[in-house]
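One structure below.
Rule-based calculations on the coordinates, nothing more; no lab input. Quantities reported herein were computed from a predicted structural model and do not represent experimental measurements. All Cβ positions, glycine included, derive from the backbone under ideal geometry; neighbour counts span all protein chains shown.
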Amino acid sequence: MSQEMQSLLWHLKGVVVPLLHKILERIENMGTVLDTLTADVAAATTVEDSAITLLQGLKAQLDAAGTDPAALQALSASIESETAKLAAAVTANTPAAPPPAPTPAPTPDNPTP
């Protein structure tokens, strides 16, 4: 093999090997992101299933209460209490909205941004 060919191969090795390392790092990162996403989907599914169960239970309670005013009043109080708990949980676990982007200061070229 000629000296020129060996030099070219060493140069290519110096370029290709770091690129392969970067590719492997990105693949590993994608695995981590996929694991996180899978966990998030599972958590969302659990919450959705819980909401479905809650609504089905509410329907059953309404059916059972019939037209009995005392049973309907107790069910109303229960719904109000559970609604407050759900609202508090949603508020506590919802990230704050990011602040709006600052408005650029006027410049002589653009007096009104």
Next item on the list: Scan segment 30-41 and give yes if some residue there is assigned to a helix (DSSP H, G or I), small (Gly, Ala, Ser) and either under 26 Å from the mean Cα position of the chain (by Cα) or closer than 30 Å to Asn93 by Cβ (or both), otherwise no.
Entry: yes
Note to self: List the residue pairs whose Cβ atoms are under 8 Å apart, where the first residue sits in segment 69-91 and is on the phi < 0 side of the Ramachandran plot, the second is surrounded by 10 or more Cβ atoms within 10 Å (Cβ to Cβ) and among the polar types (S, T, N, Q), and the two are 6 or more positions apart or on different chains.
What the structure shows: Leu75/Gln61; Ser78/Gln61
